[in-house]
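S.K.: Structure provided below as structure tokens; questions to follow.
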């Protein structure tokens, strides 16, 4: 009898990836099939049907197609490379380093008023919204994320510019490319096609003409100078969104406004020229995620080094990411992520506790322990992790105003993997702004490096950390980040009591 094996659907593939993230037998294919009872239970729940020979055939095909049998070996190779590189090259900052960071960062999270954008979105019909989702992903759901200024000011105290991550007590956390990509979920993004500031950038008015479809005269009369940059006002763009006869152009201008007012809110009430350059390149299927991360990290670092400043980045996305990892906040309602599932809408909204004093947040984060963290966000689908590019020992990120590096291997537990010692040498020198004599050369080097990306394959086995990692973190130089206060620590729930 001939058995026809039908291809797995997209949702079945996603479900099966979840299953195999939990399977810890690293042996042969038979080792996976021996977990038949385990797989049978999960497949019944996930796919809604009993295991039969055709399901097992699908299972075997899925394993072979996705290279799941190679994952443990890949993890071991990267583990060896990372520890050896760190031992040979040294740490990001050396022993004896004197911190220049202030004890407290007076950060401002003044943002644009997004109410008019939200009202326009709410008025659109389903067809227009689907046009947006297909081209630009889940950005509009961030309009529902309220900015908790007390929490954000507390978070700023724990940003470590030496490692470009948050240091909370015994925990390191940082948004990753994979997490932000899953949250924003834009089908047009190609993960390795990053935005790179072009050498010969079209003039501002030409980019606006291409995006809006309006005449040169209409554009040039509405361009303003704000500090060192050229901008166009939200008022001018709002009028276009409401009156443009071309629905596609209306959606494009709305998206440009989202990027300019919420994702890169540099000049309040205006969309910056650099934002239009990134948006102009989105039609080439580049991903905006590395640029969003770059400017988030750069702004946090700038405020920490200065001891003050306004955060210029997507505060809504950063808080949405934080909520999804923090167990002590009112529990997020999670379901397995389908391809047609609006992640931000269903798991981010209404997850915070309001009116918690800033000093309570600081004390809570200062004493955060591993058990308080939802290490792998339940909505993350296990997959390959970008951990280095070209000759860099970490991942360089190109933003719209500058560049910076980050180390995904620092937060392997966020992917459900065992945390080992990582290579950090040179990270403190990775940041630069797009000005001066040599920045174009450095941009070219990073762009070339992204043509040679390296990804980690692995499944978690055994303890969550290695002994070498624990020893390394114990002797790592603390760059003026609040350290745990074991004697003064209180139960975590007490810190989350709201003000009267």
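S.K.: With r as the distance between the Cβ atoms of residue 455 and residue 371 and R0 = 35 Å, compute the FRET efficiency 1/(1 + (r/R0)^6) and round to 0.05. List each step's numbers first, then the result.
M.R.: Working: r = 29 Å, r/R0 = 0.84.
That pair, residue 371 with residue 455, gives E of 0.75.
S.K.: Separation of segment 421-483 and segment 123-150 by C-alpha centroid, Å?
M.R.: Using only Cα atoms to place each centre, the spacing works out to 32 Å.
S.K.: State the Cα centre-to-centre distance between segment 74-116 and segment 179-226 in whole Å.
M.R.: Result: 30 Å between the Cα centres.
S.K.: Please arrange 197, 188 by counting, for each residue, the other beta carbons lying within 10 Å of its beta carbon, fewest first. If you can, show how the numbers build up before the last one.
M.R.: Working: 197 22, 188 15.
Arranged by neighbour count, lowest to highest, 197, 188 become 188, 197.
S.K.: Exposure proxy check: 230, 371 ranked by fewest other beta carbons within 10 Å?
M.R.: On the way: 230 19, 371 10.
The fewest-first ordering by Cβ neighbours comes to 371, 230.
S.K.: Further question on the same structure: Going by how many other beta carbons lie within 10 Å of each one, how would you line up 218, 321, fewest first? Walk me through the intermediate numbers first.
M.R.: Working: 218 15, 321 21.
The fewest-first ordering by Cβ neighbours comes to 218, 321.
S.K.: Starting from 0.36 nm per residue, how many nanometres of slack lie between residue 441 and residue 147 once their C-alpha separation is accounted for?
M.R.: On the way: separation 294, 0.36 × 294 = 105.84 nm, distance 3.77 nm.
That works out to 102.1 nm of additional length.
S.K.: Classify segment 221-261 as rounded, prolate or oblate from the Cα gyration tensor: take a ≥ b ≥ c as the square roots of its eigenvalues, call it rounded if a/c is under 1.5, otherwise prolate when a/b beats b/c and oblate if not.
M.R.: prolate
S.K.: Measuring from label point to label point, each 7 Å out along Cα→Cβ, what is the residue 433 to residue 473 span in nm?
M.R.: 3.4 nm
Any read-out appearing in this document is the output of simple, stated calculations on the displayed coordinates, not a laboratory observation. Computed from a prediction, not measured in an experiment: that's the story for all the values here. Cβ atoms come from the backbone with ideal geometry, glycine included; neighbour counts cover every protein chain shown.
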